[in-house]
1. What are the residues in segment 1-14 that are over 22 Å from Met53 (Cα atoms) and free of Cβ contacts under 8 Å to residues at least 40 places away in the same chain, if any?
2. Could you please let me know if Phe68 is within 30 Å of Gln7 (Cβ to Cβ), at pLDDT 90 or above, open to solvent by less than 80 Å² (accessible area, probe 1.4 Å) and not charged (D, E, K, R)?
3. Which residue pairs have Cβ atoms closer than 9 Å, lie 6 or more positions apart in sequence or on different chains, and pair a first residue in segment 19-42 that is in contact (Cβ under 8 Å) with a residue 24 or more places away in the chain with a second residue that is assigned to a helix (DSSP H, G or I) and surrounded by fewer than 13 Cβ atoms within 10 Å (Cβ to Cβ)?
4. Taking segment 1-39 on its own, how many of its residues are over 18 Å from the mean Cα position of the chain (by Cα), of a type in the set (Phe, Trp, Tyr) and surrounded by 10 or more Cβ atoms within 10 Å (Cβ to Cβ)?
Amino acid sequence: MVRKSGQDAWHLLWYGIGFALLTMPFDWLIGRPLLHGLIHEWLIAETESRWAMLGFLFAFLIVIWLVFFLIGISFRWLNQQISKHDWMNRKR
């Protein structure tokens, strides 16, 4: 249950990153800053700011993964509890 929830959290995280990368050409065509200005800020930032931005990005990704993991494991636990008390599938 834990391993499957961890894998599902990774998949959701990669889907989100992939979707963000897929929307970049549309943002460029419309004239909006790419990734809400993150790329521009990275290019014009000083070295210390770049390391701080990179650290914040990794911390943010870890927190998002943890949120996805907790949601996944809570739904799996709830499904397991419901299936234990399922009166339709009980053997008589």
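The values are calculated or read from the model by the stated rules, or taken from the named source; none is laboratory data. Keep in mind that what you see is a predicted model, and the values were worked out from it rather than measured. As a convention, Cβ positions derive from the backbone with ideal geometry for all residues, glycine included, and neighbour counts pool all protein chains shown. In case anyone asks, the SASA skips ligands and DNA or RNA and just uses the protein heavy atoms, side chains included. Shrake-Rupley method; radii C 1.70, N 1.55, O 1.52, S 1.80 Å.
1. Arg3, Gln7, His11
2. yes
3. none
4. 1
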